1. Kindly evaluate Arg326 against the criterion of being in a loop (DSSP other than H, G, I, E, B), in contact (Cβ under 8 Å) with a residue 24 or more places away in the chain and not hydrophobic (A, V, I, L, M, F, W, C).
2. Filter segment 244-253 down to the residues that are in contact (Cβ under 8 Å) with a residue 12 or more places away in the chain and either open to solvent by 30 Å² or more (accessible area, probe 1.4 Å) or assigned to a loop (DSSP other than H, G, I, E, B) (or both) and list them by number.
3. How many residues, within segment 498-516, are aliphatic (A, V, I, L, M) and out of contact with any Leu (no Cβ under 7 Å at 6 or more places or on another chain)?
4. Are any of the residues in segment 140-152 surrounded by 19 or more Cβ atoms within 10 Å (Cβ to Cβ), out of contact with any helix residue (DSSP H, G or I) (no Cβ under 6 Å at 6 or more places or on another chain) and not hydroxyl-bearing (Ser, Thr, Tyr)?
5. Which residues, taken from segment 75-116, are surrounded by 24 or more Cβ atoms within 10 Å (Cβ to Cβ) and among the hydroxyl-bearing types (Ser, Thr, Tyr)?
6. Working only within segment 36-74, note down all residues that are open to solvent by 60 Å² or more (accessible area, probe 1.4 Å) and among the acidic types (Asp, Glu).
7. Between a residue in segment 424-443 that is more than 13 Å from Gly549 (Cα to Cα) and any residue that is open to solvent by 10 Å² or more (accessible area, probe 1.4 Å) and of a type in the set (S, T, N, Q), which pairs come within a Cβ distance under 6 Å, given they are 6 or more apart or on different chains?
Amino acid sequence: MATSVERNLISLIINFQLVRRPSWFFNSTLCRVTGWVKLHVYFTKAVFFILGLISSHRFVNNAVVFLWMDYLIDLGKPLPLAAIALNVQEGLYVICTFLSASIADAYTGPYKAIVFSTASYAFGLLLWFLAKYQFSGNSSSTEIILLYLMMVLATVGQASQDPCLKAFLRDQLVEHKPNLNADNDQADEVIDYEKAEVRRKFWWRIASTVGTVSSVIMAGVSNQRMITVISFSVMALACLTFALGKSFYYPDKSTGSPLIVIYRVLKAAFVKRHLQHAREPNDYYMNDSGGLLLLPDIRIIRWLDKAALLETSKSLSAEEQELNGRLFPVRDVQRVKQLLVLLPMWTALPIHGLVLATGSTFFVVQSESLDPDPVLSINALFLLQRFVTVTVPYVHDFLVSGWIKKLPMHHVRPIWIQKLLKHRVGLVRIAIGIACSIICCMVSMLVETRRLNLIKTRGDAEPFPMSTLWLVPQFFLIGLVEGLVADGLADFYNIHVDESLEHYESPFNESAIGVGKFLSAALVLTLSGSWFHGTLNTSHLDKYYKLLGILSSVNLCFYLLVMYAHAWKALHVNGSPDPEVST
């Protein structure tokens, strides 16, 4: 038995540990918080001019643009025609993002592209005001023409937000530190773009949230006419403020569009498709890696290597072949191959786009058919959706990614799951998002089924016995889906492509989703007359949601096969193989 002295000594040690532990936990937490703040919160004078523009975009999107579907219905347009018009507009937005990014890179630079597009956005809002309040009593054709013209101008204004404004904000958050150890062939500055991208995401989400919250507050205290005037004033003022901050911006310049390089590499490889593959590394032009097989080495796209293959039968020198567009350095060919590796992943996104298309169309119409809740207006529901979309990446990183890092990977079997968890967390995030889209469709179907049953038994007499509170789950879920998939796609894209293509992340990923928007328009047109009629009460939106749920289930199975292929084959990241996985 322990003596009294030993018992007292043990008690003293335990009490000391209990007193010491909270202090240690507090210091550890404080260090983590301090490190997080130092990484994310970085101020420059230029940032404040840009944040106002980001907030104004989100304010206008939430206050005006998201309600286009409702406005088209109020003009007397049939439900399927209004949905088709909005889906086509969202698909055209994707095309405009490519054009905006390419023009900014090749000719104008991001600054001029942003100013021009924002000015067109403000002019479009002016047309919105004229169409809705000045010409509302005149010919309906004039009102419709102004409305569609406004949608085109607003689409152009939105197009520069993701590729140009995001890249421009990131460039202003870069710390340009002198490279004290630079040689003659090295850069004079040390630039950490990864840290700048983390800061860009932080400030972007903060500014977007401020704009969304402001629109909800404004919707609660103003009528729609005042909101339209305020939206135009906010956008015009933000454009002017952004332009006045030019002296504080880090100088930008056009660097040439990488899309043109991609096209020329594909063209050169196609023209030289009859040539034999290289037999030794020296057969390639500017082959700094010294490899015979250009990474990523995938058989189906190996023919692209011929774009860097020297034509010895030609009397032209290598430089002359390059000037003629028949020869490209190995690094350019590898950039194109890294991009094409993403194609299998993008094939799973159109069905995801089908689900997202319902959020800006049929969800809005559903909210107008229910009894309005004094707190949960349609703007508040959009705020909920946006809040979930913004916060879910942070929650996922804290819960899932942190948990995966603590896993003893050498005990995880089979090996492909170990590889997936360790190096492809973004793929898992996308899978969770697609699974949530199935739940979103099923929940939306149940809500719409209940609404239609009440219409059959009670009619549309006021007050309707269902409030907009019933739509909270589906708005929450679609925000969850959007946040998980978008952030996972961004991570997956950025680890595969070259740095020159990083600011094209949104156009490329959105283009795959945009295909789903066009598919949505085609599907609604096909089902018009059977499931879709002139109004929501005479349509069968519940059956449409059920169909989307089935398609999403099939899409999830297809995506899991694609995800398995990526994890099993250990695709190369930025031209180098994945790290070894423990066996």
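The values are calculated or read from the model by the stated rules, or taken from the named source; none is laboratory data. Since the model is a prediction, treat every value here as computed from it, not as a measurement. No Cβ is skipped: glycine too gets one built from the backbone with ideal geometry, and neighbour counts run over all protein chains shown. Side chains are part of the model used for accessible areas, which takes the heavy atoms of the whole protein and leaves out ligands, DNA and RNA. Shrake-Rupley method; radii C 1.70, N 1.55, O 1.52, S 1.80 Å.
1. Working: in a loop (DSSP other than H, G, I, E, B): yes; in contact (Cβ under 8 Å) with a residue 24 or more places away in the chain: yes; not hydrophobic (A, V, I, L, M, F, W, C): yes.
Yes.
2. Filtering segment 244-253 down to residues in contact (Cβ under 8 Å) with a residue 12 or more places away in the chain leaves 244-246, 248-250, 252-253.
Once the filter is applied, which keeps residues that are in contact (Cβ under 8 Å) with a residue 12 or more places away in the chain and either open to solvent by 30 Å² or more (accessible area, probe 1.4 Å) or assigned to a loop (DSSP other than H, G, I, E, B) (or both), segment 244-253 yields Leu244, Lys246, Phe248, Tyr249, Tyr250, Asp252, Lys253.
3. Step one: list which residues in segment 498-516 are aliphatic (A, V, I, L, M), which gives 501, 512-513, 515.
Add one more test, that the residue is out of contact with any Leu (no Cβ under 7 Å at 6 or more places or on another chain), and what stays is 515.
Going through segment 498-516 one residue at a time, the tally reaches 1.
4. No, every residue in segment 140-152 fails to be surrounded by 19 or more Cβ atoms within 10 Å (Cβ to Cβ), out of contact with any helix residue (DSSP H, G or I) (no Cβ under 6 Å at 6 or more places or on another chain) and not hydroxyl-bearing (Ser, Thr, Tyr).
5. Those that are surrounded by 24 or more Cβ atoms within 10 Å (Cβ to Cβ) and among the hydroxyl-bearing types (Ser, Thr, Tyr): Thr97, Ser100.
6. Result: Asp74, single match.
7. Final answer for the pair search is Val425/Ser401.
To keep it simple, each residue is scored yes or no on (1) aromatic (Phe, Trp, Tyr); (2) within 29 Å of Val562 (Cβ to Cβ); (3) at pLDDT below 85; (4) surrounded by fewer than 21 Cβ atoms within 10 Å (Cβ to Cβ).
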| residue | (1), (2), (3), (4) |
| --- | --- |
| Leu407 | no, yes, yes, yes |
| His410 | no, yes, yes, yes |
| Pro414 | no, yes, yes, yes |
| Ile417 | no, yes, yes, yes |
| His423 | no, yes, yes, yes |
| Leu452 | no, no, no, yes |
| Ala461 | no, no, yes, yes |
| Ser467 | no, no, no, yes |
